[in-house]
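One structure is given here, and the rest of the page talks about it.
The values are calculated or read from the model by the stated rules, or taken from the named source; none is laboratory data. Note that the coordinates shown come from a computational prediction; the quantities given were computed from them, not determined experimentally. Please note: Cβ atoms are built from the backbone with ideal geometry, for glycine as well, and neighbour counts cover all protein chains shown. Please note that ligands, DNA and RNA were not included when accessible areas were found on the heavy atoms of the full protein model with its side chains. Shrake-Rupley method; radii C 1.70, N 1.55, O 1.52, S 1.80 Å.
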Amino acid sequence: MRPNQIERRLKRLLLQVTKPGRYVGGEFNSVTKDWETTDFKVALAFPDIYDLGMSNLGIMILYEQINQQPDMLAERVFSPWVDMEDLMRRDEIPLFSLENKRPVREFDLLGISLPYEQLYTNVLNLLDMAGLPVRSAERDESYPVVIAGGHACYNPEPMSDFIDAFVIGEGEEIIVEIARTLQAMRGSTRAEQLRALAGIQGVYVPRFYDVTYHADGTVADVQPNALEAPARVLKRIVPVLPKPFTGFLVPNIDTVHNRAPIEIMRGCTRGCRFCHAGMITRPVRERPVAEIVSAIGEVIANTGFEEISLLSLSSSDYRWVHELCDAVHEVYGESGMTLSLPSLRIESTSADLLDKLGDTRRSGFTFAPEAATERMREIINKAVPDEQVLEAARAVYSRGWRTIKLYFMIGHPEETLDDVQAIVNLCKAVLYEGRKIMGKKANVNVGVSTFIPKPHTPFQWVPQDATDRVDEKLRLLKNELRGQGLHLRWNDTESSEFEGFLSRGDRRIGGVILRAWEMGCKFDAWGDQHFHDRWLAAFEETGLSPFFYTDRERDIDEVFPWDHIDAAVHKKFLRDDYLMSIKGETRVDCRDRCFACGILPKFKDVRAETEELAWECPPVKPISARKRSADGERVSNVALLP
Ligand code: SF4
């Protein structure tokens, strides 16, 4: 279908759907290149609605990387909401890109962002709406190559029937490498194209790996069946974070995050045993203060955004966090711009830092103790004394924040009902501290999610807590955590069960995902769109049990479906850490002491190449100075903290 035909038909539908701004494109800062004269075409898809996808930093970074290539173009694709999908299918309008309104079918490469598992059925729906066979094996070179990237791809097996190639790790550099490789392979067969991709470090092509199983259903082995396919696919990292992305597109409608995210640090060294992101994004790399401060200015100039969020997994561990707050205050103090610094750790959020964050009092202050007893916090390796939690609460309330948000997880290994009761007690103790300081104005918002064991973490061996036990724990919390100043929010147990069987699934789960999609499952991340019974029926039809994937304790020597995906942290390190957790033993932040998790040897060559500005392992605590880079491009900043 020609783009003008799509535009014409689209115009007729816009008044019949909710939020038509999702489908029109033309945003400020969007890039629409000439289709006819631009050689290589990349469609970048976020498999959910525009409102979510437009807040995804990863898609924006890749959009810029490709559009910076003079002979390439990147255009955005989002899942149409159910009302628009019905009309598009009725009027046979294929899925199209927002810039040139071109059918996705006409692109050379379709890149799909996969940050979490609940998006899987949307990927199949997106491929189908684009007129592509959903199975990779049924697509030849006449179709775009379909790749996927994002945190969920660290266990790519459940989606390996549908995706041609996965990017394991960071996409900034590899996306252009992949595009250039396919551009050079034009006219080759699909198999030849994928062999070429398999030769790129960080690319996993599942059809070049055979999986065998033991009689009990566990994986026996995963073996490459092509010369180009390495036995283990080592993740890609960018040794030095490139300059922050500042060319945000100004959305046509409100999005989930109406603010611009600037990543100040990537990776974390705290070693929380449940934390997937903390393990797969190592090593820690930090951006210099000057770079962040000038990026904030560029974002404001480019977009007019009034709120900037400084992103990282643990911002109070960023070595220059104090200088950064000082510099931002100095440069933008009068601009009216709001700065949010999410994910502050109780242990490293000093009173000093709180004072510097003064002007973000509008929203509550967030802490994530994750567990309410010191015993449990040691098991999950987030060891913080109770008194330090209360001390931090006093420090926050006494500086004028009225609401403290506390995040907990239930279902961790070794957890008892007493540990759950302790959540109630701790929240009430925090509220009591608040009441002492500001009376009835004090609030505690409590967020409780169910712990889901994730691949590549020390807890990848543990069983997920059974749904009936989680329900019992939630009943306790709902009964006790109520009353003035206390507000509880929780995840429903079915969505946790669902995420659980996809997170540690193997290649056979592909059959379940396909059947669930055929039964109409999509938008599973939306509570009112997730049909759990259909998923259970799909499991039954496929002859698999969901509880094999969720409730089963793994044997300590079990081969995992993702063991051939190398996140650069040794399995032995994870296993030892898991065994330490059972004994309640903790590890300190590896900024204090390196535990040889595997990162260093795996990336020593990469590190050597960028000695000047490279990441440190162990990362440095705030007392260092950075040398001016050889090309003078990036200014150093001297940490002033004693
Ligand atoms: S190599 Fe050492 S310092 Fe680096 S992330 Fe691993 S444990 Fe931490």
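Summary of computed values
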read-out	value
Loop trypsin sites (Lys or Arg not before Pro), the range 49-149 (other Cβ atoms within 10 Å of the site Cβ: 14 or fewer; DSSP)	ARG135
Residues with amide H under 5 Å from that of LEU311, placed H, sequence gap 5 or more	ILE262, GLU263, ILE264
Helix-only mean residue ellipticity at 222 nm for the chain, each DSSP H run of n ≥ 4 adding -39500 (n - 2.57), per residue, nearest 500	-10000 deg cm²/dmol
Contour minus Cα-Cα distance for ILE582 and GLU391 (0.36 nm per residue)	65.9 nm
Net charge of neighbours whose Cβ lies under 9 Å from the Cβ of GLY247, counting Lys and Arg as +1 and Asp and Glu as -1	-2
Relative contact order of the range 3-234, defined on C-alpha pairs under 8 angstrom at six or more residues apart (%)	16 percent
Beta bridges by DSSP in the range 3-234, antiparallel share as percent, to the nearest 5	30 percent
Long-range amide H partners of ASP551 with built H, under 5 Å	GLN464
Computed FRET value (nearest 0.05) for LYS572 with ASN425, which takes r as the C-beta separation and R₀ as 45 Å	0.75
Centroid-to-centroid separation of the range 494-538 and the range 233-287 [C-alpha atoms, Å]	28 Å
Rounded if a/c under 1.5, otherwise prolate or oblate - the range 348-494, Cα gyration tensor axes	prolate
Unit charges at the beta carbon, dipole of the range 432-486: most positive-side option, VAL462, ASN445, LEU477	ASN445
Lys/Arg +1, Asp/Glu -1 at C-beta; the range 155-287 dipole; positive extreme among MET265, GLY187, VAL219	MET265
³J(HN,Hα), Karplus 6.51/-1.76/1.60, whole Hz, each residue of the range 544-556, x for Gly, Pro	10, 10, x, 6, 4, 8, 9, 8, 8, 6, 7, 5, 4
Whole-Hz ³J(HN,Hα) from phi, Karplus 6.51 cos²θ - 1.76 cosθ + 1.60, for the range 245-259, glycine and proline x	6, 10, x, 4, 7, 8, x, 6, 9, 4, 10, 4, 10, 7, 8
Alpha-carbon spread of the chain, three principal axes, descending order, Å	69, 60, 55
Packing-based ranking, highest mean first, of 237-246, 37-46 given that Cβ atoms within 10 Å are counted	37-46, 237-246
In sequence order, calculated HN-Hα J values of the range 156-169 (Karplus, 6.51, -1.76, 1.60; Hz; x Gly/Pro)	x, 4, x, 9, 5, 6, 10, 9, 6, 8, 10, 9, 9, x
For the range 3-234, accessible area per residue (1.4 Å probe, heavy atoms of protein chains only), Å²	35 Å²
For the chain, size of Cβ-based charge dipole, Lys and Arg +1, Asp and Glu -1, in debye	1180 debye
28 Å Cα-Cα reach of LYS522 towards lysines, excluding residues that sit fewer than 8 places from it in its own chain	LYS11, LYS19, LYS41, LYS101, LYS454
Set of aspartates and glutamates with alpha-carbon distance to LYS428 below 12 Å, sequence-local pairs under 8 removed	GLU480
For the chain: relative contact order, % (alpha-carbon pairs under 8 angstrom, 6 or more apart)	14 percent
5 angstrom amide H check on ILE112, placed H, neighbours 5+ away	ALA45, ILE147, ALA148, GLY149
